[in-house]
1. Applying the selection to the range 48-77, what residues are over 17 Å from Tyr16 (Cα atoms) and over 17 Å from the mean Cα position of the chain (by Cα)?
2. Only one residue in Ile67, Ile94, Ile55 is surrounded by 21 or more Cβ atoms within 10 Å (Cβ to Cβ) and either β-branched (Val, Ile, Thr) or part of a helix (DSSP H, G or I) (or both). Which one?
3. Can you tell which of Leu155, Leu105, Leu80 is in a helix (DSSP H, G or I), modelled with pLDDT of 95 or more and within 16 Å of the chain's Cα centre (by Cα)?
4. Scan Lys168, Lys110 and give me the residue that is out of contact with any Leu (no Cβ under 9 Å at 6 or more places or on another chain), modelled with pLDDT under 90 and among the basic types (Lys, Arg).
5. Can you name the residue in the range 1-29 that is modelled with pLDDT under 90 and within 17 Å of the chain's Cα centre (by Cα) and is also nearest to Val60 (Cα to Cα) among such residues?
6. For Lys124, state whether it is at pLDDT 90 or above, surrounded by 15 or more Cβ atoms within 10 Å (Cβ to Cβ) and basic (Lys, Arg).
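The values are calculated or read from the model by the stated rules, or taken from the named source; none is laboratory data. A quick note: this is a predicted structure, and the numbers were derived from the prediction, not measured. When we count neighbours, we look across all protein chains shown, and the Cβ atoms used for this are built from the backbone with ideal geometry, even at glycine.
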Amino acid sequence: MKKKLKAKILIVISDYYYEISSNLEVGATGTLITSHLNNEKDDNFVPILSKYEIIKVPGVFEIPVIISKNIKKYDAFIALGCVIKGETPHFDFISQATTDGIMKLSIESKKPIGNGIITALNRKQAENRCGNYIIESRVKVGKGEEAAKAVLSVLKNFSWELHTIPIKVQG
């Protein structure tokens, strides 16, 4: 019998740039929904059944405080959003403060937080990095999917702390 892990994940999304955030959300949730499937037919594959919830906030600066408030309720977190550089240093302050806040929370709580926050010099660059799941018909890996995969990978290393469900292996 193999084991299957079960994890509760909170996705916090800044919807300041709604179209970009929507694409990030589709990438992250799609990855979580299919995380129990073994597409590579890997014998060492450990499936994760992930239950997730979403909280939306106005900007990326609000993401760390929402994660902090919910830190004991979830096994892991995914932060999604976008900051695009303008003509003032605001971009640098917000990007650095948010990244520092997320990293500090992850280390202090010993819980994985996937950072799917895009920092871009312009909107076109941000669109190219978010994965154009909705805008184009072709599937492109974006920061949302990358952040979800990173969280799932770390959760597998923390498997002794998660709920395990025995499953029968066919064949």
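1. Restricting attention to the range 48-77, the residues satisfying the condition of being over 17 Å from Tyr16 (Cα atoms) are 48-53, 67-77.
Of everything in the range 48-77, those that are over 17 Å from Tyr16 (Cα atoms) and over 17 Å from the mean Cα position of the chain (by Cα) turn out to be Lys69, Lys72.
2. Working: Ile94 fails: surrounded by 21 or more Cβ atoms within 10 Å (Cβ to Cβ); Ile55 fails: surrounded by 21 or more Cβ atoms within 10 Å (Cβ to Cβ).
Testing whether each residue is surrounded by 21 or more Cβ atoms within 10 Å (Cβ to Cβ) and either β-branched (Val, Ile, Thr) or part of a helix (DSSP H, G or I) (or both) leaves just Ile67.
3. Values: Leu155 fails: modelled with pLDDT of 95 or more; Leu80 fails: in a helix (DSSP H, G or I).
It is Leu105.
4. Working: Lys110 fails: modelled with pLDDT under 90.
After ruling out the rest, the residue left standing is Lys168.
5. Quick first cut of the range 1-29, residues modelled with pLDDT under 90 only: 1-7.
Subsequent filtering for residues that are within 17 Å of the chain's Cα centre (by Cα) retains 6-7.
Working: Lys6: 28, Ala7: 24 Å.
Within the range 1-29, the match that is nearest to Val60 (Cα to Cα) is Ala7.
6. Numbers: at pLDDT 90 or above: yes; surrounded by 15 or more Cβ atoms within 10 Å (Cβ to Cβ): no; basic (Lys, Arg): yes.
Considered against the rule, which asks whether it is at pLDDT 90 or above, surrounded by 15 or more Cβ atoms within 10 Å (Cβ to Cβ) and basic (Lys, Arg), Lys124 comes out as no.
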